[in-house]
Amino acid sequence: MEHIVFLTGRLAEKSLTQVLEGIAPPDGNSAGTPTPFTWEVREIGLQVAGLMTADMIRRRVELAPHVNRVVVPGRCRGDLDALSAHYGVRFDRGPEEVKDLPQFFGREARHFDLSRYETEIFAEIVDAPRLDLDQIAARAKRYKDDGADVIDLGCLPETPFAHLEDAVAMLKASGYRVSVDSMQTAELVRGGRAGADYLMSLNADTLWVADEVSSTPILVAREPRDVASLDAAIDAMTQRGRPFLADPILDPIPFGLAGSIARYVSLRERYPLIGIMMGIGNVTELTEADTTGMHAVLLGMAAELRINAVLTTSVSLHARRAVREADVARRVMHAAHEAQVLPKGISTDLSALHAKRPFPYNAEEIDAFARAVRDPNFRVQVAQDGIHVYNRDGHQTAADPFALYAGLKLEHDGGHAFYMGVQLARAEIAWQLGKRFDQDQALDWGCEVDRPAENLDVWCAPGATKKR
């Protein structure tokens, strides 16, 4: 049985021990039932576990021969591979909060590969005729960085697109797959002859365009409810031996969304093997609500129906992260579908507003931490009852940060007052929304915000307050 040593600091030692006792008794037996590992906790002579470093571990820790693995705090900085080589056992970073250890070992037991997906993303540049080539290139790069597989050039009614061919050629030369989206067959032919990979959309009356060019067409009905005409177009392209994607059209709320979902289900039942596209912008763009949940549901349906591609747009500012959200959602839903599990515990990137476990410690546990503090540095934590601020001189709790200010006694320390203002503002947002708060760390907004990569193998650079 694996024996794991957990390294920590004085303040977290008791809490860590309690959490581990809930996972597995130290001797590895629970009422006669073997548990996955045995363990021991080592407090290595520092107060705050998050200040632990690899150099400190090497100086202070000795390991017995029976140790198989060492788990260090999530914020521990330094080269863990070097520690593994030095001690001859595996070193892992655990979660930032000890209360998350059960989830940490649960994820370790079942790994989900989020590099895989089946649904491709077409990202539409809806106003392409009004943009010059540099602007089109910049938009395409942004969409590709967010996860798009195909860049869709959206044409506009009664708006000339003189540089359509140049735009297609420029994107193809840059390595993009390109789609041209127009209601005018002349523009579709131009786009196809310029080298576009896909054309949208053709119906039973305009299939002649597919005979003019080699581009893969997206097939639609003459009008969304005319299922027979979509079937006719599908059958015609199948007889020609040409690849295609069929799109029954997803209608917006409240103008037929439920019925249009039924069309996708029926199409997959009639044609189990064909490629299907789902345009999701009619829902995400035309519903004034946060789009992360919409993408979760829509891409979940896509996984169930084996939808080959979705077309998404980012016109409304509330949908400006649509491509990124769709990219995360398709990976999560593919993983859930393949493993036949609920889409829970796979990724938190779509949980932008609320955390599943926002308050890891209750008021009593925080009070125990506060009573153990012997220095003047302020700690800030959030629990169900509000914001907690404490140091050796006292412990305050309030829902309003302004109610805490007088007790901080920072009237003559501008830099420290600014720092505490930032931390308390974040804490208030976290408490109000039910988000996880970690002092000195930005709030986690999931895939809604680009997060700079953090290298825990190196020393932390000065924070924003220190720089000022």
Legend entry - Residue in segment 242-259 that is more than 28 Å from the chain's Cα centre (by Cα), of a type in the set (A, V, I, L, M) and outside any strand (DSSP E or B) present: no
Legend entry - Residues (over 24 Å from Gln441 (Cβ atoms) and out of contact with any Lys or Arg (no Cβ under 9 Å at 6 or more places or on another chain)) located in segment 82-105: Ala85, Gly88
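Tally up the residues in segment 29-48 that are aliphatic (A, V, I, L, M) and either surrounded by fewer than 12 Cβ atoms within 10 Å (Cβ to Cβ) or at pLDDT below 85 (or both), please.
The qualifying residues number 1.
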Inset, instruction - Please indicate, with yes or no, whether at least one residue in segment 378-385 is surrounded by fewer than 14 Cβ atoms within 10 Å (Cβ to Cβ), out of contact with any Asp or Glu (no Cβ under 8 Å at 6 or more places or on another chain), at pLDDT 95 or above and within 30 Å of Arg268 (Cβ to Cβ). - result: no
Inset, instruction - Could you tell me which numbered condition Tyr87 fails, if it satisfies all but one of (1) buried (at least 20 other Cβ atoms within 10 Å of the Cβ); (2) within 28 Å of Glu2 (Cα to Cα)? - result: (1)
Inset, instruction - Please find, among Arg330, Arg357, Arg321, the residue that is under 18 Å from Gln441 (Cβ atoms) and either among the basic types (Lys, Arg) or in the same structural domain as Ala140 (by TED's automatic domain parsing) (or both). - result: Arg357
Legend entry - Residues satisfying the stated conditions in segment 295-327, i.e. surrounded by fewer than 20 Cβ atoms within 10 Å (Cβ to Cβ) and in a helix (DSSP H, G or I): Ala296, Val297, Gly300, Met301, Glu304, Leu305, Leu317, His318
Legend entry - Single match in Gly281, Gly386, Gly345 (criterion: at positive phi, of a type outside the set (D, E, K, R) and in contact with a Ser or Thr (Cβ under 6 Å, 6 or more places away or on another chain)): Gly386
Legend entry - Unmet requirement for Ala123, which otherwise passes all of (1) modelled with pLDDT of 95 or more; (2) part of a loop (DSSP other than H, G, I, E, B); (3) touching a Ser or Thr at 6+ places or on another chain (Cβ under 9 Å): (2)
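The values are calculated or read from the model by the stated rules, or taken from the named source; none is laboratory data. As the structure is a prediction and not an experimental result, all values here were calculated from the model. When we count neighbours, we look across all protein chains shown, and the Cβ atoms used for this are built from the backbone with ideal geometry, even at glycine.
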